[in-house]
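Notes for the one structure printed next.
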Amino acid sequence: MTTYRASFYVGLKEGVLDPAGQATLQVLHQMGFSATEVRIGKWIQVMIDAEDVVRAQAIAEEMGHRILANPVMETFDVTVTPV
Amino acid sequence: MTRSMDAQREVGIVVFPGSNCDQDTIKAVRELGATPRVLDYRLTELPPLDRLILPGGFSYGDYLRSGALAAAAPIMDAVDEAALLGMPVLGICNGFQILCERGLLPGALLPNPHGTFISQLETVRVTAVPSGFSGLAVGDHLALPIAHHEGSYRIAEGQLHALFEQGQVFLQYSDPDGAVHALTNPNGSVANIAGIASGSVVGLMPHPERAMAEYLGSADGRRFLQAWFGQKGSPGC
């Protein structure tokens, strides 16, 4: 068994309105920055014990699909690395 | 109390950590002549029941996404099973979010586009009458309070038309006369959707349990719950 760190980035799908991102974009503009878009998502770290990286990746993907992201409105990327 | 009411009298009310509308819901159920049974989210089996309500609140502090963690609570397997057997299941506000996250209802509730929590009386129009309801007709409108930050209903691309075709959209935000248009949409929900039904499972963002009498601003919540119970309802009751 090896311990793996799964790093999830969960974000709203393209086209889904992101009120937090828009509010932040407005403030960036007020501060004089010339940003054009802000999208706010979540970073989730999960430690997983698994036989190998392939298995750890599979477990992580299942977590992402089943609960960490909502497929109706979100997408996720997950990177699995041994600790 | 009518005989049909007798047959429907045991109502399970599921309480999750962070539910906060359970007491109002218990009171409303009792006022309509039914018997509320409080169900802990850790149960894995349901006692004998006729109906189920998932009340509003902030289950699990709305962590991860509203309703997402409660949707994975131990009791939810039994809720799935009850729904599969045709038991009426009603999700109010956070309960609606939980039913969507569980996949018992289609779609998802996102943060309101203006970024604020809204707490106000809204008018909703009955767009379809879900199965088992009585005393409500298409075109009726009800004044019901909403109180949420994540109430913007969304459905995956290409599925909206089917929702309407199948009569799953049963409540839409409207003006006080029941007309549905962009200006009567408080939270950016697609097509002003306020409530969705799928078989015996029904969810809505407004709080009928907070509109049980005129002195609360509206008694239309009483009418809605009576309809859900299959009671015809009578004026002034």
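The values are calculated or read from the model by the stated rules, or taken from the named source; none is laboratory data. All values reported here derive from a predicted model rather than from experimental measurement. Every residue, glycine among them, receives a Cβ derived from its backbone with ideal geometry; neighbour counts consider all protein chains shown. We work out accessible area using only protein heavy atoms, side chains counted, and drop any ligands, DNA or RNA first. Shrake-Rupley method; radii C 1.70, N 1.55, O 1.52, S 1.80 Å.
Is it fair to say A:T81 is open to solvent by 30 Å² or more (accessible area, probe 1.4 Å) and assigned to a strand (DSSP E or B)? Criteria met by A:T81. Residue count for region A:26-51 satisfying the condition of being in contact (Cβ under 8 Å) with a residue 40 or more places away in the chain and open to solvent by less than 70 Å² (accessible area, probe 1.4 Å): 3. Scanning region A:30-61 for residues that are modelled with pLDDT under 95 and not in a loop (DSSP other than H, G, I, E, B) turns up just one, A:Q30.
Rundown of residues vs (1) within 25 Å of A:M73 (Cα to Cα); (2) basic (K, R); (3) open to solvent by 30 Å² or more (accessible area, probe 1.4 Å), yes/no style:
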{"residue": "B:D77", "(1), (2), (3)": "yes, no, yes"}
{"residue": "B:E81", "(1), (2), (3)": "no, no, yes"}
{"residue": "B:Q97", "(1), (2), (3)": "yes, no, no"}
{"residue": "B:A108", "(1), (2), (3)": "yes, no, no"}
{"residue": "B:H114", "(1), (2), (3)": "yes, no, yes"}
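When each of B:A28, B:A73, B:A34 is tested for being within 17 Å of the chain's Cα centre (by Cα) and buried (at least 20 other Cβ atoms within 10 Å of the Cβ), the lone residue that passes is B:A28.
In the set B:S152, B:S174, B:S189, only one residue is of a type in the set (S, T, Y), in contact with a Lys or Arg (Cβ under 6 Å, 6 or more places away or on another chain) and over 18 Å from B:P88 (Cβ atoms); that residue is B:S174. For region B:137-158, the criterion of being of a type in the set (G, A, S), in contact with a Ser or Thr (Cβ under 6 Å, 6 or more places away or on another chain) and crowded, with 20+ Cβ neighbours inside 10 Å is satisfied by at least one residue.
When region A:58-78 is filtered for residues that are touching a residue at least 24 places away in the same chain (Cβ under 8 Å) and open to solvent by 50 Å² or more (accessible area, probe 1.4 Å), the ones remaining, listed by number, are A:M63, A:T75, A:D77. Residue count for region A:60-83 satisfying the condition of being in contact with a Gly (Cβ under 8 Å, 6 or more places away or on another chain) and under 12 Å from B:A68 (Cβ atoms): 2.
B:R210 falls short on exactly one of the conditions (1) over 13 Å from the mean Cα position of the chain (by Cα); (2) open to solvent by 40 Å² or more (accessible area, probe 1.4 Å); (3) within 22 Å of B:F58 (Cβ to Cβ), and that condition is (1). Any idea which residue in region A:1-12 is nearest to A:E51 (Cα to Cα), counting only those that are modelled with pLDDT of 95 or more and open to solvent by 60 Å² or more (accessible area, probe 1.4 Å)? Checked region A:1-12; the qualifying residue nearest to A:E51 (Cα to Cα) is A:R5.
Of the residues making up region B:85-95, just one is of a type outside the set (G, A, S), surrounded by fewer than 20 Cβ atoms within 10 Å (Cβ to Cβ) and within 18 Å of the chain's Cα centre (by Cα), namely B:M87.
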